[in-house]
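Student: Let me begin by handing over the structure; questions about it come next.
The values are calculated or read from the model by the stated rules, or taken from the named source; none is laboratory data. The structure presented is a predicted model; accordingly, all values stated were derived computationally and were not measured. Methodologically, a virtual Cβ is constructed for each residue, glycine included, from the backbone with ideal geometry; neighbour enumeration extends over all protein chains shown. Accessible surface is based on the protein model in full, side chains and every heavy atom, while ligands, DNA and RNA are left aside. Shrake-Rupley method; radii C 1.70, N 1.55, O 1.52, S 1.80 Å.
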Amino acid sequence: MTPTFGVLGPVVAWDETGGPVELKGPRHRAVLARLIVARGRVVPVGVIVDDLWVDPPAGAKGAVRTFVSALRRALEPQRAARTAARLLVTDGPGYALRAGPESVDAWRFEHTVAEAATAAPGRALELLEEALGWWRGPSYAEFAGESWAHADRTRLEELRLSAVERRAEARLAVGLAAEAVPDLDAFVAEHPWREGAWRLLALALYRCGRQGEALAVLRRARELLAEELGIDPSPQLTSLETDILRRDDRLELDPDRMWERAAAAYDRTVASGARARLESTVGLLRSLAVAGGSGLAAAREQRLATIVAAERLGDPELTARVIGAYDVPGIWTRSDDPEQAALIVAAAERTLARLSPGVHDTARARLLATIALESRGTPGDRGLRAARESEAIARALDDPALLASALNGVFMHTFHRSGLAPERDAIGRELITLSVRHGFVNFEVLGHLVRLQALGALGDFAGADEHAAAADDLAERHERPLVAVFTTWYRAMRAAATGASDADAEAGYRAAAKLLDGSGMPGLEHGILPLALLCLRVSRGLPATFDADTEWGPYEPWARPHLLLADGRPDDAAAALRRAPEPPRDLLVEALWSLIEHAAAAVGDHDLQERARAELAPAAGEIAGAGSGMLTMGLRPVRG
């Protein structure tokens, strides 16, 4: 491991344990600091000499080489004699410090502040608190008077001041006005010309119920600017003073009041029955769908009604927008309402036929993506063909939002055979890259969940864990409560697959199942807990005994043979096995074929056993069922 360096205060270095590295004298630290300022670029020896001495003595270049040699011994103590340095290197006429981007506290500070700029307020506050905590004093403290350090010190100080103000903004955004006041009060005393800080202090005081003090702060700022600089306060300060005097609602951090104001304005502005209102309804339903169980159920109930209303207006372009605007990602391959899904597919097909060929490519792609998503779990290849056509249009148009929806549709149809976890992993990887670049939070979550499933199938639980954590982090920052259903189920499956005791594995599944109550996802909820327990028991050679009133949902045909075997009725089990249909091509296809293979072996149906093994053969390198992210048979699906 390489050492790390600190310049946000006196110049220091730390070894891999966090202990200080002995850097000897001030000239040694000056050389190190000068190379850090250069950010990996070569600094000629002559430049270093001129920077270290006003009147260089004879032998100054030799002294620099001595300083560098001592630094190398301190920074790379394990380096063998006469081997090339890897960190402080000689390059042409001078030296360079080849430190990684995380190795210097100033560089980490810049990166973290930039990350905070695009993060949600809660996450931004965490990042800024951490970054500001790295400051130990003025940057390059002992070299404050050196011209070579001036530009970097000035830039870092301005970045620090901006970070303090942005931390205050983040505190206000998450409702921590009282916590913001003390720091801001000290900040404006030290930096009185920063009008943004005065504005934040006044706003923080107002939100603490201290209206008089907020107005006094603004008066103090106005007087200071007039007396010392001879200028008037900015329009932002003047406007804030007026708003505080009026107790304007805009100053409050109250989402309910904001919603009421916006809704009232919308009702006043947009006439009842207007097309804009119909399209806006879809946007509301899209937000409802990711807000939690009751919101998802409500969105599903109202979605078809908006499509019917759009079709009645006789405008295929409007109908296409209404259908396609509901771009809510899907991760589970069984529809929550198959009848409604079929009606939506039919409406999308009708609208697609009415659009003029060769035009409306964006609308066509969204309709095709809808067809692909709503056709999941159904026989035939229409869904896959629609997904591929939507993907081709999106790529041709170079439309990232379209491509994200299309890739979701493609994912839903990557189950035509077993063993396709690597293909799904590639889809998840592209979704994440695309979403991070363009700010598609919902599809970024989807990408992490897709990769969680795929890597689980491949037995890469360390990688899957990272994606589960990333999905949970996004869910917390952006209020996506349904994500926890999938990550909790994944962790229960992971425990079962990696050797948890029978009791602990079952307890994990039962705890995960509680999150499904009221989740608004019946296509996932119905029968999944008993199926997970059945897979666990069968794979571990435990009795497949269940209460008679167990609700198996759509999985009853594949569970029945095992229940009859546990009841000592092998002939009836064999008959039930022959009646069981072929598993649907979805996330559970490998788990269900594994159940068939086990039951066939138990009743001596060798033909069906070989058929099951043939179906599972492409997944020979995967863990049976783990690609669902929900349950597993806990073994390799193909056995000798």
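Student: Which pairs have Cβ atoms under 6 Å, sit 6 or more apart or on different chains, and link a residue in segment 185-205 that is in contact (Cβ under 8 Å) with a residue 12 or more places away in the chain to one that is outside any helix (DSSP H, G or I)?
Tutor: Correct list of pairs: E195/S234.
Student: Now, a different point. Considering only segment 373-456, give the helices (runs of 4 or more DSSP H) lying wholly within it that have at least 1 residues that are under 25 Å from Q340 (Cβ atoms).
Tutor: Values: elements: 382-397, 400-412, 421-438.
Those helices (runs of 4 or more DSSP H) span 382-397, 400-412.
Student: Now, a different point. Looking only at residues in segment 2-21 that are within 31 Å of the chain's Cα centre (by Cα) and over 15 Å from A74 (Cβ atoms), which one is modelled with the lowest pLDDT?
Tutor: Here the residue is G18.
Student: One residue is enough: does segment 469-492 have a residue meeting the conditions acidic (D, E) and farther than 20 Å from E444 by Cβ? Break it down into steps so the answer makes sense when it comes.
Tutor: Step one: of segment 469-492, the residues acidic (D, E) are 472-473, 476, 479.
Okay, now just the ones that are also farther than 20 Å from E444 by Cβ, so none.
There is no residue in segment 469-492 that is acidic (D, E) and farther than 20 Å from E444 by Cβ.
Student: Restricting to segment 334-362, give me the number of residues that are of a type in the set (S, T, N, Q), open to solvent by 40 Å² or more (accessible area, probe 1.4 Å) and either touching a residue at least 12 places away in the same chain (Cβ under 8 Å) or within 14 Å of G324 (Cβ to Cβ) (or both). Lay out the reasoning, then the answer.
Tutor: So the first thing to find is which residues in segment 334-362 are of a type in the set (S, T, N, Q), and the list is 335, 340, 351, 356, 362.
Pick out the ones that are also open to solvent by 40 Å² or more (accessible area, probe 1.4 Å) and you get 356, 362.
Then drop every residue that is not either touching a residue at least 12 places away in the same chain (Cβ under 8 Å) or within 14 Å of G324 (Cβ to Cβ) (or both), which leaves 362.
Selection size over segment 334-362: 1.
Student: For segment 307-333, what are the residues that are buried (at least 20 other Cβ atoms within 10 Å of the Cβ), assigned to a helix (DSSP H, G or I) and either β-branched (V, I, T) or under 30 Å from the mean Cα position of the chain (by Cα) (or both)?
Tutor: Once the filter is applied, which keeps residues that are buried (at least 20 other Cβ atoms within 10 Å of the Cβ), assigned to a helix (DSSP H, G or I) and either β-branched (V, I, T) or under 30 Å from the mean Cα position of the chain (by Cα) (or both), segment 307-333 yields I307, T319, A320, R321, V322, I323, G324.
Okay, residues lined up against (1) of a type in the set (G, A, S); (2) more than 19 Å from G6 (Cβ to Cβ):
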position: R123; (1), (2): no, yes
position: W134; (1), (2): no, no
position: W148; (1), (2): no, no
position: L176; (1), (2): no, yes
position: P182; (1), (2): no, yes
position: E190; (1), (2): no, yes
position: W193; (1), (2): no, yes
position: G212; (1), (2): yes, yes
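Student: Determine if segment 205-215 includes at least one residue that is under 22 Å from L127 (Cβ atoms) and either of a type in the set (A, V, I, L, M, F, W, C) or open to solvent by 60 Å² or more (accessible area, probe 1.4 Å) (or both).
Tutor: Narrowing segment 205-215 to residues under 22 Å from L127 (Cβ atoms): none.
No, segment 205-215 contains no residue that is under 22 Å from L127 (Cβ atoms) and either of a type in the set (A, V, I, L, M, F, W, C) or open to solvent by 60 Å² or more (accessible area, probe 1.4 Å) (or both).
Student: Give segment 22-43 a look and list any residue that's open to solvent by less than 50 Å² (accessible area, probe 1.4 Å) and either closer than 11 Å to L75 by Cα or of a type in the set (V, I, T) (or both), or say none.
Tutor: Of everything in segment 22-43, those that are open to solvent by less than 50 Å² (accessible area, probe 1.4 Å) and either closer than 11 Å to L75 by Cα or of a type in the set (V, I, T) (or both) turn out to be L23, V31, L32, I36, V37, V43.
Student: Let me ask you something else. Could you tell me which numbered condition D398 fails, if it satisfies all but one of (1) under 27 Å from M633 (Cβ atoms); (2) open to solvent by 50 Å² or more (accessible area, probe 1.4 Å); (3) out of contact with any Asp or Glu (no Cβ under 7 Å at 6 or more places or on another chain)?
Tutor: All conditions pass for D398, except number (1).
Student: I'd like to verify a number: residues in segment 588-611 that are under 25 Å from A468 (Cα atoms) and open to solvent by less than 10 Å² (accessible area, probe 1.4 Å), how many?
Tutor: Here is the first cut: in segment 588-611, the ones under 25 Å from A468 (Cα atoms) are 588-592.
Okay, now just the ones that are also open to solvent by less than 10 Å² (accessible area, probe 1.4 Å), so 588-589, 591-592.
Qualifying residue count, segment 588-611: 4.
Student: Name, by its number, the condition in (1) assigned to a helix (DSSP H, G or I); (2) under 23 Å from L384 (Cβ atoms); (3) open to solvent by less than 60 Å² (accessible area, probe 1.4 Å) that does not hold for A614.
Tutor: Of (1) assigned to a helix (DSSP H, G or I); (2) under 23 Å from L384 (Cβ atoms); (3) open to solvent by less than 60 Å² (accessible area, probe 1.4 Å), only one is false for A614: (3).
Student: Name the single residue, out of those in segment 453-479 being charged (D, E, K, R) and in contact with a helix residue (DSSP H, G or I) (Cβ under 6 Å, 6 or more places away or on another chain), that is most open to solvent (accessible area, probe 1.4 Å). Break it down stepwise before answering.
Tutor: So in segment 453-479, the residues charged (D, E, K, R) come out as 460, 465-466, 472-473, 476-477, 479.
With in contact with a helix residue (DSSP H, G or I) (Cβ under 6 Å, 6 or more places away or on another chain) added as a condition, the list becomes 472, 477.
On the way: D472: 46, R477: 76 Å².
Taking the candidates together, the pick is R477.
Student: Still on this structure, please answer the following. Kindly indicate whether any position in segment 153-170 is among the polar types (S, T, N, Q) and either open to solvent by 60 Å² or more (accessible area, probe 1.4 Å) or more than 28 Å from C208 (Cα to Cα) (or both).
Tutor: The initial filter retains those residues of segment 153-170 that are among the polar types (S, T, N, Q), namely 154, 162.
After this cut, where a residue has to be either open to solvent by 60 Å² or more (accessible area, probe 1.4 Å) or more than 28 Å from C208 (Cα to Cα) (or both) as well, the list is 154.
Yes, the conditions are met somewhere in segment 153-170.
Student: Next up: Sort out for me the helices (runs of 4 or more DSSP H) sitting completely within segment 102-184 that have 3 or more residues that are hydroxyl-bearing (S, T, Y) and out of contact with any strand residue (DSSP E or B) (no Cβ under 7 Å at 6 or more places or on another chain). Spell out the reasoning first.
Tutor: On the way: elements: 105-117, 121-132, 147-173.
So the answer is 147-173.
Student: Can you name the residue in segment 490-524 that is part of a helix (DSSP H, G or I) and free of Cβ contacts under 8 Å to residues at least 12 places away in the same chain and, of all such residues, is least open to solvent (accessible area, probe 1.4 Å)?
Tutor: A507
Student: Let me ask something else about it. Go through (1) crowded, with 17+ Cβ neighbours inside 10 Å; (2) touching a residue at least 24 places away in the same chain (Cβ under 8 Å); (3) more than 38 Å from the chain's Cα centre (by Cα) and name the single condition R72 misses.
Tutor: Here R72 meets the rest and fails (2).
Student: Of all residues in segment 185-204, which are part of a loop (DSSP other than H, G, I, E, B) and surrounded by fewer than 15 Cβ atoms within 10 Å (Cβ to Cβ)? Full working, then the answer.
Tutor: We begin by selecting, within segment 185-204, every residue part of a loop (DSSP other than H, G, I, E, B); these are 191-194.
Listed by number, the residues that qualify are H191, W193.
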